[in-house]
1. Among (1) under 26 Å from LYS146 (Cα atoms); (2) without any contact (Cβ under 8 Å) to a residue 12 or more places away in the chain, there is one condition GLN95 misses while meeting the rest; what is its number?
2. Have a look at ALA137, ALA144 and point out the one that is closer than 25 Å to VAL191 by Cβ and either open to solvent by less than 20 Å² (accessible area, probe 1.4 Å) or at pLDDT below 95 (or both).
3. Could we say that PHE100 is closer than 30 Å to LEU190 by Cα and more than 19 Å from the chain's Cα centre (by Cα) here?
4. Tell me which residues, restricted to region 115-132, are part of a strand (DSSP E or B), out of contact with any Phe, Trp or Tyr (no Cβ under 7 Å at 6 or more places or on another chain) and more than 19 Å from GLU187 (Cα to Cα).
5. Could you check how many residues of region 150-188 are over 16 Å from GLN94 (Cβ atoms) and either at pLDDT below 95 or open to solvent by 30 Å² or more (accessible area, probe 1.4 Å) (or both)?
6. Which of the residues spanning region 33-87 are under 20 Å from the mean Cα position of the chain (by Cα) and among the charged types (D, E, K, R)?
7. Can you name every one of the strands (runs of 3 or more DSSP E) wholly within region 136-198 that holds 3 or more residues which are under 26 Å from SER75 (Cβ atoms) and of a type outside the set (A, V, I, L, M, F, W, C)?
8. So if I check each of ASP105, ASP128, ASP143, ASP157, which one is of a type in the set (D, E, K, R) and in contact with a Lys or Arg (Cβ under 7 Å, 6 or more places away or on another chain)?
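The values are calculated or read from the model by the stated rules, or taken from the named source; none is laboratory data. Owing to the predicted nature of the structure, the values given are computational and were not obtained by experimental measurement. Note: ideal-geometry Cβ built from the backbone for every residue, glycine included; neighbour counts use all protein chains shown. Remember, those area values only see protein heavy atoms, side chains included, never the ligands or the DNA or RNA. Shrake-Rupley method; radii C 1.70, N 1.55, O 1.52, S 1.80 Å.
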Amino acid sequence: MIPGKGVDQALWYILGISAVMLVGITATMIYFVIRYRRSIHPVPQDIRDNVPLEIAWTVIPTFIALSMFYIGWQSYIGLRAVPENAIEIEVLGQQYSWIFLYENDKETENILVVPLGQPIKLNITSIDVLHSFYIPAFRVKVDAVKGMENYVWFNADVLGEYDILCTEYCGTEHSAMVAKLKIVPEEEYLVWLESEDE
């Protein structure tokens with residue numbers, strides 16, 4: 001499963017279930033307020049020991065919660081299962097920029113260039129304080145912690161430029177810690193990789 005799609009599916013599933021529950025519970029509450037108001041039923045009815053009702057309100061919410069967990073777990077597994085042919089790039093977070101190191105020792109600051117149509121694995125750590133690497137367009141986010149190796153992957157499937165942000169407060173210039181992801185055709189990427197340009 002492509003990471004971003006799994007995250008979107010989990011979001012829409014949980015949002016959909018929540019919307020149905022909101023409408024259903026609100027409608028039921030309004031119905032009970034009208035149907036069983038004091039003017040019609042001055043003496044309330046006792047519904048204790050109603051086994052079918054107790055089973056229903058235990059089993060149904062349990063099933064809903066487990067289904068949400070399953071959808072979320074599938075999304076998480078998609079984020080961690082890196083394809084074998086992924087291009088690996090080292091990412092270092094530092095106050096207040098992102099450093100990208102390629103396999104041929106090319107280094108860039110705040111510019112991540114990758115080829116179209118390839119899975120990209122980013123091995124992430126921090127040089128100093130806690131950072132959090134986030135590419136909103138691809139729904140990938142992972143903490144960068146000093147002394148700890150972490151990773152995330154995405155499929156570079158659409159040409160263009162995308163924002164990279166730090167989403168962990170890392171100091172006074174945290175809001176300026178932005179970078180760009182550039183997805184370019186493979187031929188252009190190979191030329192760029194061997195050039196002196198950033």
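1. Checking GLN95 against (1) under 26 Å from LYS146 (Cα atoms); (2) without any contact (Cβ under 8 Å) to a residue 12 or more places away in the chain, the one that fails is (2).
2. Details: ALA144 fails: closer than 25 Å to VAL191 by Cβ.
Of ALA137, ALA144, the one residue that is closer than 25 Å to VAL191 by Cβ and either open to solvent by less than 20 Å² (accessible area, probe 1.4 Å) or at pLDDT below 95 (or both) is ALA137.
3. Values: closer than 30 Å to LEU190 by Cα: yes; more than 19 Å from the chain's Cα centre (by Cα): yes.
So PHE100 fits the description; yes.
4. Of the residues in region 115-132, the ones part of a strand (DSSP E or B) are 115, 118-126, 131-132.
Those left that are additionally out of contact with any Phe, Trp or Tyr (no Cβ under 7 Å at 6 or more places or on another chain): 118, 125-126, 131-132.
Passing the criteria: THR125, SER126, HIS131, SER132.
5. Keep residues of region 150-188 that are over 16 Å from GLN94 (Cβ atoms), which gives 151-163, 180-188.
Adding the requirement that they be either at pLDDT below 95 or open to solvent by 30 Å² or more (accessible area, probe 1.4 Å) (or both) leaves 151-163, 180, 182, 185-188.
The total comes to 19.
6. First pass over region 33-87, keeping only residues under 20 Å from the mean Cα position of the chain (by Cα): 65-83, 86.
Hit for region 33-87 is ARG80, nothing else.
7. Ranges flagged: 150-156, 160-166.
8. Values: ASP105 fails: in contact with a Lys or Arg (Cβ under 7 Å, 6 or more places away or on another chain); ASP143 fails: in contact with a Lys or Arg (Cβ under 7 Å, 6 or more places away or on another chain); ASP157 fails: in contact with a Lys or Arg (Cβ under 7 Å, 6 or more places away or on another chain).
The unique qualifying residue is ASP128.
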